[in-house]
1. Can you tell me how much longer the chain between Ser114 and Arg93 gets when fully stretched, taken as 0.36 nm per residue apart minus their C-alpha distance, in nm with one decimal?
2. Using a cut-off of 11 Å between beta-carbons, work out the net charge of the residues near Arg57 (Lys and Arg +1, Asp and Glu -1, Arg57 not included).
Amino acid sequence: MTDPIRYDFDMIPVMPGEKRAEFLSLGIVDARLDARVALFRDRQAALALRGAGAPVRDLFSAAGFGMTASGRTVAPGAYRPEEAPARRELLARLHELILADFDTLRMAEWGVFSLERFLAEAEAARPLAANHSGEVGGPPAWVGRPRRVSQFR
């Protein structure tokens, strides 16, 4: 039995930070410098989306999703707090698009991609604590904290 698809996603800046800073230093201010694309963390989710019918791919693309995986290893069910506004906008846009094209999407070929599971996981996801990177496999939580010396030594 295969592992279930995880629908966690990250909001990835389209313009890398260094390049964005370069444009800003030249006085170029443009909203596109802050644009983000949503990428699934699980490669299987990206593959499932690519394997779905054209109306499904078009829906997610129009909402702001890319068709590749982010490669990030943030804990499942969590996202970085700074991504919250972009996530809210993306999910609101997705809901609007679903309602606008409901009949077509109802008849579309979804393959193994589950809209129901995606929406449930997106709704259940919570931001990480501001002082937590969320990266799986990173240093233990106690690294960088002062050690407490036991009074019972």
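Quick note: the coordinates plus some simple rules give every number you see, no bench work behind them. The structure displayed is predicted, hence computed values, not measured ones. Cβ placement follows ideal geometry from the backbone for every residue including glycine, while neighbour counts extend to all protein chains displayed.
1. Extending this stretch completely gives an extra 5.7 nm.
2. -1
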